[in-house]
Amino acid sequence: MWAIDREVPVSENELSLMVERSEAPVLCAYAIDSDCAVIEALGVRTGFWRTCLGRESMTAYMAESGGTLEEWVPSADESVRAALDWARDAGCDPSESRLAEVPAAVPDPFVEPVFVALLAALGAHSVSDG
């Protein structure tokens, strides 16, 4: 895991290159003012998926640019199914019930703890977790 400072989320092509070079699934988060985050992922055997954290804030940001959340991000149920597939592709043991809670989670006040909850629900652990 690493953090980079950039103006736009990682592209699908960049995700593909990361998967190709690492031979492992990749998940990226792009936080917007700590209010919400775009989550994009690609597996080795599973396809690209996108969701967001902090849906209310993301809806407001999308409206500012003339878009809607629904045209850019799949439903919460679709996101959970894609996340489960991605996590299993990554060799993780995801929790469907915990993943189902993440899309409705409200950042209070920051989205970063919601992202940590997503990682835990996916069954992703740091090397130090053993």
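Computed from the coordinates by the stated procedures, all read-outs in this text should not be read as laboratory data. Please read all numbers here as calculations on a predicted model, not as lab measurements. Note that we place each Cβ from the backbone using ideal geometry, even for glycine, and neighbour counts take in every protein chain shown.
Key figures for this structure:
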{"item": "Farthest toward positive dipole pole in the chain [+1 Lys/Arg, -1 Asp/Glu at C-beta], among LEU27, GLY123, VAL73", "result": "GLY123"}
{"item": "Cα extents of region 1-77 along the three principal axes, largest first (Å)", "result": "37, 28, 17"}
{"item": "Kirkwood Rh in Å, taken over the chain so that all alpha-carbon pairs contribute", "result": "14.9 Å"}
{"item": "Estimated vicinal HN-Hα couplings, Hz - region 14-21 in sequence order (Karplus 6.51, -1.76, 1.60; Gly, Pro = x)", "result": "5, 4, 4, 5, 5, 5, 4, 6"}
{"item": "On Cα atoms only, tilt of 76-89 relative to the major axis of the chain in degrees", "result": "20 degrees"}
{"item": "Two-decimal ratio, region 45-119, of alpha-carbon radius of gyration to 2.2 N^0.38 Å", "result": "1.13"}
